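None of the figures in this text is laboratory data; all of them are computed from the coordinates on show. Everything quoted here is computed from the prediction, not taken from an experiment. Ideal geometry is used to build each Cβ from the backbone, glycine not excepted, and the neighbour counts take in all protein chains shown.
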Amino acid sequence: MESKDLIIGIDLGTTNSLAAAVLDQGPVALRVDGKSPIIPSVLSRQEGHWAVGQEARELRTIAPERTVFSVKRLMGRDHGELAAELPRLPYAVQPAQRGLVKVHIGEEAFTPQELSAEILSAVKRNAEEALGRPVARAVITVPAYFDDAQRQATRDAGRIAGLEVVRIINEPTAAAIAYGLDEGQRGTVAVYDLGGGTFDVSVLQLSEKVFKVLATGGDTHLGGDDFDALLAAEMMRRVQQRQPGLSLAGPLASQLFRKTAELVKIDLSRALETEYRLDLPALGLACQERFTRVEFEALIAPLVDTTIGTCRATLAKAGKRPDEIADVVLVGGSSRIPLVRARVRELFGRAPNIAIDPDEVVAIGAGIQGHLLAGGRRDYVLLDVIPLSLGIETLGGTFSKLITANTTIPAEATEVFTTYVDDQTGVELNIYQGEREFVKDCRNLGRFRLRGIPPMPAGLPKVHVTFLVDTNGILTVSAREERSGQAAAIDVIPSHGLTAGEIERIMDESVAHAQEDMTRRQLVEFRNMAEAVFRGIDKVWDQAREMLGEAELAAIRAQMDTVRRQAVLDEPLALKREMDRLGELTRPLADAIMSKAALQELRRFFRDHGGVEMV
Ligand code: AMP
């Protein structure tokens, strides 16, 4: 297509912006040299010039009064409408002519349109660099609730940035278009969008290939940032409990806790438990901590439930019952959180669409809309997704998923596993497909052995297992042991022989058994962890006798017995509590005497308890 015909799609977001377009290979987010396509919607005024994006984001703490974020909240609004918003913003916003506002930085003042235009210019430049040709026209997305003034302000921003804004479309509509839902016959679609700072839910009605907004709801100040804040506060509380003398007031500490909290949160979207370090020499803070997904979920559950309540209210406003919704689409980085997905799924009684990256889905839909407006056809290969999760059997018959259901193909994932028994020279890889937590409830796809691993203590070998699903849906599983270089592989066809009805049934069963499966899985995992920790303690027991007093040794022994007794009962959380107590009792031991390797081993046992050891 000629560049004059090309129309890109732009998601101009409150925190992040990006562009997408339909290229020969289909719709893609535009990125330069494999870098992230995302440009943070942040600007910083530096010596008469704007720094935009990541660079500006980093300046936010250094030069808060010169750094502008959340401009989208100001677009097309007058000073009166912004009364609730302004106290939250660290930069100066003053009334201007016709009731509008300007952002004041030093001697200069800027309209929200001009500021948005700077972000759009950065997105445009990035798109041009990615495409290797100029871009003149765009479809830009706005929230479904934006009024005429806000839409007009967005158009003006585009014009100032040198873009012809061919159309403004609603963000939820763009997300639905990305999934091709406008092509279908089905009626009502719900779009659940949980980002960093905002939550939106929209109910759309499709008629004659056009989406009409039936109702919208949300909270303009609810999102991932709030989860970070809750987690950071809890992390701080725990440190404070252990070291009451430490003063953690001040921006340095709060920044460190916030940053670490976000990383921990993101980690817990894929792991059941994670370990993190907090180092702040200036305050005498240096510690290593753990956080589990269960603990994180308990913290954020009330906020997630609030979003579900808003969904119910919005459905009611639209005059729809949850079971009348034909499709649910997830948007926004925070929709990756497993608890969020589970709650959305529970509410609507169906698996949401998650195949497209939730950070890119709105831009991609806008890019497709642009492509269609430019006279393009939808002749690109439609997204093909992996219908059921793929993974391997791990210790205790648990199912470790490497590729989750609804991932777009081609797809690839690698995870590292280890051995469970000393001097184990082979591992058997049992490949399964399904949504349950135990392999006995999943479908076996094949097995193979990796042999020739040199004898090593349990836990030392590193077996990299890679799942690769090619565009034809063929799964290749390969395994390679890092130290010896031993490798083996097998090809299988995953969804072979399953009808759409069967897949639906498997999905439904997994929802029905989710709670019970999870409890059983935790139990198996915590028992494995207990075994591993016992082995670790045995290894260092002789040294422990030299270092610790009689009373401390007795306390450790007694607690090991308590853990053993608890391990035969069916109460994962109680077992976990006793394990944590044992961890507390053995911490001085670990810190005082363990050689680095042994210490690392024990830490790894704690960290990796998520079913990583292999049968
Ligand atoms: P957005 O505004 O849509 O770009 O979403 C950004 C928010 O998503 C931030 O709060 C991120 O911390 C959060 N986020 C991104 N990836 C993940 C993840 N894997 N798990 C949980 N939250 C995430």
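Using a cutoff of 8 angstrom between alpha carbon atoms and counting only pairs six or more residues apart, the relative contact order for the stretch 238-388 works out to 15 percent.
Separation of the stretch 150-187 from the stretch 210-263 is 31 Å, based on Cα centroids.
Taking the charge dipole of the chain about its Cα centre, with +1 at Lys and Arg Cβ atoms and -1 at Asp and Glu Cβ atoms, the residue from Ala176, Val28, Leu230 reaching farthest to the positive side is Leu230.
Rounded to the nearest 20 debye, what is the charge dipole size of the stretch 128-237 about its Cα centre when +1 sits on each Lys and Arg Cβ and -1 on each Asp and Glu Cβ? Intermediate values should be presented prior to the final figure.
Working: 10 positive and 17 negative charges, 93 e Å.
For this selection, approximately 440 debye.
In plain terms, the C-alpha convex hull of the stretch 273-344 casts an average shadow of 6.8 nm² when viewed from every direction. With neighbour counts taken as other beta-carbon atoms within 10 Å, the residues Asp327, Asp279, Asp11, Asp267 rank, fewest first, as Asp279, Asp267, Asp327, Asp11. Under 15 Å of direct C-alpha separation, and excluding same-chain neighbours fewer than eight residues apart, Lys462 reaches these aspartates and glutamates: Glu415, Asp422, Asp423, Glu428, Glu481, Glu482, Glu601, Asp608, Glu613.
Compactness ratio for the stretch 201-249: Cα radius of gyration over 2.2 N^0.38 Å (N = residue count) comes to 2.20. The region of the chain that goes longest without hitting one of the GluC sites (Glu not before Pro) in a DSSP loop, each with at most 10 other Cβ atoms within 10 Å, is 209-615.
For the stretch 1-97, which trypsin sites (Lys or Arg not before Pro) pass both filters: DSSP loop (anything but H, G, I, E, B) and at most 14 other C-beta atoms within 10 Å? Present the calculation step by step, with values, prior to reporting the outcome.
Working: sites: Lys4, Arg31, Lys35, Arg45, Arg57, Arg60, Arg66, Lys72, Arg73, Arg77, Arg88; in loops: Lys4, Arg31, Lys35, Arg60, Arg77.
Answer by residue number: Lys4, Lys35.
Fully extending the segment from Leu263 to Gln97 would add 55.4 nm, taking 0.36 nm per residue of separation and subtracting the current Cα-Cα distance.
Provide the three semi-axes, in whole Å and in decreasing order, of the ellipsoid equivalent to the stretch 16-173 as defined by the square roots of 5 times the Cα gyration tensor eigenvalues. Don't skip to the answer; put the middle values down first.
On the way: eigenvalues 142, 75, 34 Å².
Value: 27, 19, 13 Å, ordered largest first.
Taking the Cα centre as origin and putting +1 on Lys and Arg beta-carbons and -1 on Asp and Glu beta-carbons, what dipole magnitude results for the chain, to the nearest 20 debye? Write out the running numbers ahead of the final one.
Values: 73 positive and 87 negative charges, 70 e Å.
That gives a dipole near 340 debye.
Report the Stokes-Einstein translational diffusion coefficient (µm² s⁻¹, integer) for the stretch 386-497, Rh taken as the Kirkwood radius over Cα pairs, at 10 °C with viscosity 1.306 mPa s. Taking Rh from Cα pairs, D becomes 112 µm²/s. Centre-to-centre separation between the Cα atoms of the stretch 1-51 and those of the stretch 78-96: 28 Å. Between Glu412 and Ile62, the simple spin-label model (points 7 angstrom out along Cα→Cβ) gives 3.6 nm. Length available on full extension from Leu86 to Arg587: 0.36 nm per residue minus the Cα-Cα distance, which gives 175.6 nm. What trypsin sites (Lys or Arg not before Pro) in the stretch 121-223 are in a loop by DSSP, with at most 11 other Cβ atoms within 10 Å of the Cβ? The qualifying sites are Arg186, Lys209.
Taking only the alpha carbons of the chain, we obtain Rg and Dmax values of 26.7, 82 Å in that order. In percent, how large is the relative contact order of the chain, given Cα pairs closer than 8 Å and 6 or more residues apart? Answer for the chain is 11 percent. Hey, if you put +1 on the Cβ of every Lys and Arg and -1 on every Asp and Glu Cβ in the stretch 1-139, which of Gln94, His79, Ser41 ends up farthest toward the positive end of that dipole? After comparing all options, I get His79.
The calculated 222 nm mean residue ellipticity attributable to helices in the chain amounts to -12500 deg cm²/dmol, summing -39500 (n - 2.57) over DSSP H runs of n ≥ 4 and dividing by all residues. Here's the picture: charge each Lys and Arg Cβ at +1 and each Asp and Glu Cβ at -1 in the stretch 274-319, and of Leu303, Thr314, Ala282 the one pushed furthest to the positive end of that dipole is Thr314. When the alpha carbon gyration tensor of the stretch 170-320 is reduced to an equivalent ellipsoid, its three semi-axes come out at 41, 14, 13 angstrom, largest first.
Do you know the relative contact order of the stretch 386-497, to the nearest whole percent, from alpha carbon pairs under 8 angstrom that are 6+ apart? Write down the numbers at each step before the final one.
Working: 279 pairs, mean separation 29.1, N = 112.
With pairs under 8 Å counted, the relative contact order is 26 percent.
Going through the cross-link list Lys265/Lys320; Lys539/Lys576; Lys209/Lys401, which pairs have a Cα-Cα distance over 29 Å in this structure? Result: Lys265/Lys320; Lys209/Lys401 exceed 29 Å. Straight Cα distances below 28 angstrom link Lys102 to the lysines Lys72, Lys124, with same-chain residues fewer than 8 positions distant left out.
Find how much the distance from Arg312 to Gln54 grows on full extension, using 0.36 nm per residue of separation minus their present alpha carbon separation; answer in nm with one decimal.
Details: separation 258, 0.36 × 258 = 92.88 nm, distance 3.66 nm.
Working it through step by step, the gained length comes to 89.2 nm.
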